[in-house]
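In what follows, a structure is listed as C-alpha cells, so that the remarks can point back to it.
The values are calculated or read from the model by the stated rules, or taken from the named source; none is laboratory data. Keep in mind the model is a prediction, meaning the values are calculated, not measured. Here Cβ is always computed from backbone atoms with ideal geometry, including for glycine, and neighbour counts include all displayed protein chains. We work out accessible area using only protein heavy atoms, side chains counted, and drop any ligands, DNA or RNA first. Shrake-Rupley method; radii C 1.70, N 1.55, O 1.52, S 1.80 Å.
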Amino acid sequence: MRFISKDANIKKIMYQKGFDEKEILDFEKRANSVVLKFENVKDISHFVKLLSDLGYYVVTKDDIAFATTSKSNFEKTKCYLAEEGFECSFEADFAISQRMLQAKDKVINLLKTNVMGIINVTPDSFYEGSRVDLAGVSQKALEMIQDGADVIDVGGESTRPFSEPVPEDEELKRVIPAIEAIRTVSKDIPISIDTYKSSVARKAIEAGADIINDVSGGTFDKDMFKVAAEYNVPIIIMHIKGTPKDMQQNPYYEDVIEEILQFFEKRIDEALKAGVELENIILDPGIGFGKRLEDNLEIIRRCEEFKVLGRPILIGASRKSTIGTVLGGLPPQDRLEGTIAISTICALKRIEFVRVHDVKENKRAILMTEAIINS
C-alpha cells in the first residue's frame with residue numbers, strides 16, 4: 001500500500017496504470033484527503049468489498065486498486081487494514097516520528113528544514129561558484145555558518161552528468177584537508193562527506209566528518225554501509241539510475257516515484273543487514289541523477305511521499321539544469337531564484353534537508369516560510 005500526496009497528478013498516475021478516462025474522472029471527483037494505491041491484490045472482489053464496507057471509494061484495474069477516504073476515516077480503519085495484511089504504521093500527512101538526528105556528538109533538529117551548504121573542492125563542478133580551493137575552504141565555511149548553515153557538505157569529485165571518476169588518492173588529497181580546515185573554524189558544525197567510495201568515507205570520518213552522503217546509495221561500493229555501521233554515523237542514501245558518466249543517456253520511468261520507493265526499500269534493507277541503525281538513514285531521491293525534466297518536477301511536487309518509509313528526506317536541486325530549462329535556458333549562475341522556489345516548496349512540505357550552494361538566500365526563504373506555516 002502506498003500513500004499518494006494531495007499534490008500528486010492523480011490523473012497521470014492512474015493513466016500510467018492503464019485506467020480509462022471515465023474511471024480516472026470518477027475517481028478524481030471522489031478523491032478525498034487520503035489517496036492510497038494498492039498493487040498485486042490477490043482477490044480483487046474481496047478487496048473492493050472490504051474497503052467499500054469501511055467507507056472507501058475504490059477503482060480497480062487487473063490487480064491494481066486506487067482507494068480514497070477522509071483522513072479521519074483512515075485513522076479509524078488503519079488498524080483494521082493492518083490486521084488484513086496492509087502496512088499502516090505511517091501517518092496520513094507523511095510525518096515521521098523521529099525528531100532528532102545524532103551525527104557523532106552533534107544533534108540535528110528534524111522538525112525544521114535544515115540547510116546543507118555545498119563546498120566543492122573540485123576544478124570541474126557544474127556550478128563554478130561552488131568550486132573552492134583549499135586555501136579558501138575555511139573562509140567559505142565560516143561564511144556559510146554565519147549565514148545559517150545547519151550542515152556543510154564537502155565533495156572532492158564532480159558527479160555532474162557525463163563526468164569522469166576521480167582516483168581515490170586524488171579525492172583524498174582534496175577532501176581531507178578541506179574537512180580539517182572546516183574544523184579549525186568550527187568544532188560544532190556537522191560535516192557530510194560527499195563520496196561513493198567507502199575508503200574515502202572512512203578517512204573523512206576519522207578526519208572530522210559526521211555524515212556520509214553517497215550518491216550511489218551504497219550501490220557503487222559494497223562496503224559503504226559497513227563503514228556507516230562501524231562508525232555509527234548517518235548516511236544519505238541517494239537514488240541514481242546508471243552512473244554519473246551515463247545516467248542522462250535517455251533515462252525512462254513508468255512511475256518515477258514508485259521506482260525510487262522500491263529502490264529505497266531495497267537499499268534500506270541492505271543497510272540494516274550491514275548493521276546501520278534505521279535512525280541513521282536519510283533518503284535523497286536524486287534530482288538530476290538519471291532523471292528527465294518531467295521526472296525531476298514530479299519528484300519535487302511529490303517529495304513528501306518518500307516519507308512513507310519513515311525516514312527524513314533530502315532534496316538537492318540547487319542550480320541544476322531542471323531550473324535552467326524551466327526558466328528558458330538559464331545558465332547555472334542565473335538559477336538562484338529557481339533554487340529558492342524549490343527550497344520554499346520543501347519547507348512547505350516539511351522536508352528535513354535541502355542541499356544548496358547559496359546558504360544565506362535559501363535559509364532566509366525557509367525561515368520566512370516556516371514562520372508563516374507555524375504561526
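Below, the figures for the structure above:
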{"quantity": "Elements of type helices (runs of 4 or more DSSP H) contained in the range 319-375, each with 3 or more residues being without any contact (Cβ under 8 Å) to a residue 24 or more places away in the chain and closer than 26 Å to Val132 by Cβ", "calculated": "336-348"}
{"quantity": "Top-ranked residue of the range 144-157 - restricted to ones that are touching a residue at least 24 places away in the same chain (Cβ under 8 Å) and in a helix (DSSP H, G or I), ranked as most open to solvent (accessible area, probe 1.4 Å)", "calculated": "Ile145"}
{"quantity": "Test: residue in the range 318-333 that is at pLDDT 95 or above and within 14 Å of the chain's Cα centre (by Cα)", "calculated": "yes"}
{"quantity": "Pair list, Cβ under 8 Å, 6 or more apart: the range 59-77 residue of a type outside the set (A, V, I, L, M, F, W, C), other residue surrounded by fewer than 19 Cβ atoms within 10 Å (Cβ to Cβ) and assigned to a strand (DSSP E or B)", "calculated": "Thr68/Tyr57; Thr69/Tyr57"}
{"quantity": "Identity of the residue in the range 110-137, modelled with pLDDT of 85 or more and surrounded by fewer than 18 Cβ atoms within 10 Å (Cβ to Cβ), that ends up farthest from Ile182 (Cα to Cα)", "calculated": "Leu111"}
{"quantity": "Residue check, Leu314 open to solvent by 40 Å² or more (accessible area, probe 1.4 Å) and modelled with pLDDT of 95 or more", "calculated": "no"}
